[in-house]
Amino acid sequence: MNSIILRAGTRYLAGLLLVFSIYMTLRGHNEPGGGFIGGLTGATGFVLYAIACGTQDARAALRVLPQTIAIWGLGIALAAGLFAALFGDALFTGQWLFIGATEDDKGLPLSSVLVFDIGVYLVVFGSILTLVFAMEEEI
């Protein structure tokens, strides 16, 4: 596509979509959202960028092969699931760590569920971009 307005607007919109996708992923284990919807939203930013500027520019902006992102995400999600086995629990049981906990305050809760959501985010992000880039290059 050869629209200067679309190209200029897409750069800002793609960045906004990526930031929003991270927000959706991080709030997902306590409220609606999570890795799947975050990955879809993030991939939408790059898909829009690929439509406006071309697939080669989108691949250059991504800097990593989308297949590699998906594989790393799958490994992270699997590691989060196996983490519970270290404590003798069933696979994919959520494990919690409270940083800075005192008697009056629970501190900052971190969970293996969040790590799993990040893995799902990367799998969805990489898978969608792999499919879309392949279809875009065929046209």
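The values are calculated or read from the model by the stated rules, or taken from the named source; none is laboratory data. These numbers come from a predicted model, not from an experiment. No Cβ is skipped: glycine too gets one built from the backbone with ideal geometry, and neighbour counts run over all protein chains shown.
List of remarks:
- Cβ-Cβ contacts under 9 Å between residues 6 or more apart (or on different chains), taken from a first residue in the range 128-139 that is under 16 Å from Gly73 (Cα atoms) to a second residue that is among the aromatic types (Phe, Trp, Tyr) and in a helix (DSSP H, G or I), are listed as Ile128/Phe46; Leu129/Phe46.
- If you go through the range 24-61 and pick out every residue that is touching a helix residue (DSSP H, G or I) at 6+ places or on another chain (Cβ under 8 Å) and under 20 Å from Ala77 (Cβ atoms), you end up with 16.
- The single condition among (1) surrounded by fewer than 15 Cβ atoms within 10 Å (Cβ to Cβ); (2) modelled with pLDDT under 95; (3) in a helix (DSSP H, G or I) that Met24 does not meet is (1).
- Looking only at residues in the range 46-89 that are free of Cβ contacts under 8 Å to residues at least 40 places away in the same chain and within 15 Å of Gly119 (Cβ to Cβ), the one that is surrounded by the fewest Cβ atoms within 10 Å (Cβ to Cβ) is Leu82.
- For beta carbons closer than 6 Å, sequence separation of 6+ or different chains, a first residue in the range 1-23 that is within 12 Å of Gly45 (Cα to Cα) and in contact (Cβ under 8 Å) with a residue 40 or more places away in the chain and a second that is of a type in the set (D, E, K, R) and in a loop (DSSP other than H, G, I, E, B), there are no qualifying pairs.
- Residue count, the range 90-109 (criterion: exposed (fewer than 13 other Cβ atoms within 10 Å of the Cβ) and of a type outside the set (A, V, I, L, M)): 8
- Any helices (runs of 4 or more DSSP H) falling wholly within the range 28-139 and containing at least 2 residues that are within 14 Å of the chain's Cα centre (by Cα): 35-53, 66-82, 112-138
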